Amino acid sequence: MQGGVIIKKLIKNGIIVNYDCILKGDILIDNSEIIKVDKNIESNCEDIVDAKGNYVFPGLIDAHTHPGLPEDLGFKKDTDDFYTETKAALKGGTTTIFDFAEQKKGERLLDALEKRKSRYKNSSGCKYEFHVAVTSVGKDTYEQLREIKDAGINSIKIYTTYDMKLKHEEILTLFDYCAKLNITALIHCEEDSIIRYSSKNTSFPMTRPKEAEENMVNTVINFSRLTGCRVYICHVSSKDSMELIKRAKEDGLPIIMETCPQYLIFDDSIYNIEQKERTKYILSPPFREVSHKEPLIKACLDGTVDLISTDHCAFLFKEHKEKYCLNLEKAAKGMPGIQLRSSIIYNLLVVNYGLDIKDYVKLLSYNPAKIFGLKDRGYIKPGMKADLVIWSNEKFKVNMRDIIEGTDYSPYEGFELIGKPLYTNIAL
Ligand SMILES: [Zn+2]
């Protein structure tokens, strides 16, 4: 509304892509809502955007990002404040991100949520939602989960390694509560005992071996079977974990599988490159042997993977990475990528592997909206929020000049890609 008048906008000549249909036509929106989708809409509104025959997607959603990691939970501070992070997301056509409200041990979950929310004041490019990371389980945890559910939270996060990790019996208790409250449990799967045992290895990927992930994935699948909890397995990096999840899904278990662009692009040979550079690729779980990549890509193509998120962590190469080139385990773990996710995945899966464009929309928009109950996002039709991306098939080379993620490097610098957002409309 401006001066009491509804401001309408007409997007003309698009190829409108939903996960289940494609329509050549126009979209009429007001400030925040799609009001009409049709082959040819006549309107006297002044604001007309010509999509020129390009794709129009529902706004993309990144369900797993970490802006401004909290130092008090043992993370090193990153540099990407909430302003740059949400702007960078928007530049890549992502209109909603999910962040994590991390509970300090013993802190009330609702307090952790409010504290995290307050950090977004005055600083949003795109929209933001939250998962609440539960790091301790006590007598009133059920009650606290009910409180955050009442506050609109549909998902919690559980760690199985790091200081925030929970014990197996605590995870079972939480799964039981989540099943009762219809909350989805996101879980970082790395078995801590295996990580500790492997810490003596000198090769970085072997300090966090794939067995740590697989072991925990297997445990979590069984816990889901016992409790009925809907479980979202984060950043799957190994083909063996993927196969366990695939089987569990075939058995009808409510398991959701996420992977990230980096696991489809890189492999562990990158840790052998010139020493300082390789610290850019330190993350957990680490990259696996090259033989894992193709099966993971296939799992994206055949629908085994439900969604692709970034796990974006914008550490500085100069400050948090390169000085640990001889002691990789000490380098800050995480990679940026919130801005380029849409292009990396489009180029890889749609251009190189022939993924149906509807499935692209499913992986990056429809599924994340559906999984987390964002009822007015992830689909283009009247009544939905007017989060829209006009997509160009332009070829471009990734140049740091164009990256606004607030880091001093991009793992994708120099990549030649096809596909990027031409215009993004965000409903406020
Ligand atoms: Zn993460």
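Every number here is computed from the coordinates shown, using simple stated rules; none is lab data. Model, not experiment: these values are computed from the prediction. Quick reminder, even Gly has a Cβ in these numbers, built from the backbone with ideal geometry, and neighbours come from all protein chains shown.
Here are some notes:
- For the chain, the longest principal axis of the Cα atoms and the long axis of helix 82-91 meet at an angle of about 50 degrees.
- Cα→Cβ-extended label distance, 7 Å offset, between residue 168 and residue 114, nm: 3.8 nm
- Between the residues 159, 308, 174, the greatest Cα displacement towards the positive end of the dipole of the chain, with unit charges on the Cβ of Lys, Arg, Asp and Glu, is found for 308.
- Of all aspartates and glutamates in the structure, those lying under 16 Å Cα to Cα from residue 276, and not within fewer than 8 positions of it along the same chain, are 268, 319, 322, 329, 408, 413.
- Theoretical gain in end-to-end length, residue 247 to residue 326 [0.36 nm per residue, Cα-Cα removed]: 24.5 nm
- Percentage relative contact order, the chain, counting C-alpha pairs under 8 Å, at least six apart: 20 percent
- In this Cβ point-charge picture (+1 for Lys and Arg, -1 for Asp and Glu), the chain has a dipole of about 260 debye about its Cα centre.
- When DSSP beta bridges are restricted to pairs lying wholly in region 59-371, around 0% turn out antiparallel.
- Length-normalised contact order of region 153-262 in % [C-alpha pairs under 8 Å, at least 6 apart]: 26 percent
- Length available on full extension from residue 225 to residue 21: 0.36 nm per residue minus the Cα-Cα distance, which gives 70.0 nm.
- A simple packing score, the average count of other Cβ atoms within 10 Å per residue, orders the peptides 204-213, 398-407 as 204-213, 398-407, with the highest score first.
- Positive dipole terminus of the chain, leading residue within 345, 386, 41 (C-beta point charges): 41
- Relative contact order %, region 291-353, counting alpha carbon pairs below 8 Å whose residues are six or more apart: 32 percent
- Region 59-371 shape via C-alpha gyration tensor axes, a/c threshold 1.5: rounded
- The distance separating the Cα centre of region 189-245 from that of region 102-154 comes to 25 Å.
- Where labels lie 7 Å past Cα in the beta-carbon direction, separation of residue 272 and residue 104 in nm: 4.6 nm
- Ranking 29, 419, 361 by Cα position along the charge dipole of the chain, where only Lys, Arg, Asp and Glu carry charges on their C-beta atoms, puts 29 farthest toward the positive end.
- Per-pair calculated FRET efficiency, R0 = 30 Å: residue 151 and residue 203 via Cβ, rounded to 0.05: 0.10
- On Cα atoms only, tilt of 210-227 relative to the major axis of the chain in degrees: 70 degrees
- Highest-first arrangement of 197-203, 222-228, 377-383, 237-243, where packing means the average Cβ count within 10 Å: 237-243, 377-383, 222-228, 197-203
- Region 329-377: C-alpha gyration tensor shape, a/c 1.5 cut-off, then a/b vs b/c: oblate
- Prolate/oblate/rounded label for region 6-60 (Cα gyration tensor, a/c 1.5): prolate
- Residues of type aspartates and glutamates that residue 139 reaches as a straight line, Cα spacing below 20 Å, ignoring anything fewer than 8 places off in the same chain: 102, 107, 111, 147, 150, 169, 170, 176
- For the peptides 309-316, 388-395, 342-349, residues were scored by their other Cβ atoms within 10 Å and the scores averaged per peptide; the highest-first order is 309-316, 342-349, 388-395.
- Cβ-derived FRET efficiency at R0 51 Å, residue 393 paired with residue 193, nearest 0.05: 0.60
- Listed residue pairs exceeding 19 Å between alpha carbons, taken from 91/298; 8/36; 200/280; 104/330; 293/321: 91/298; 200/280; 104/330; 293/321
- Helix 109-118 and the long axis of the chain differ in direction by around 50°, with both axes built from C-alpha atoms.
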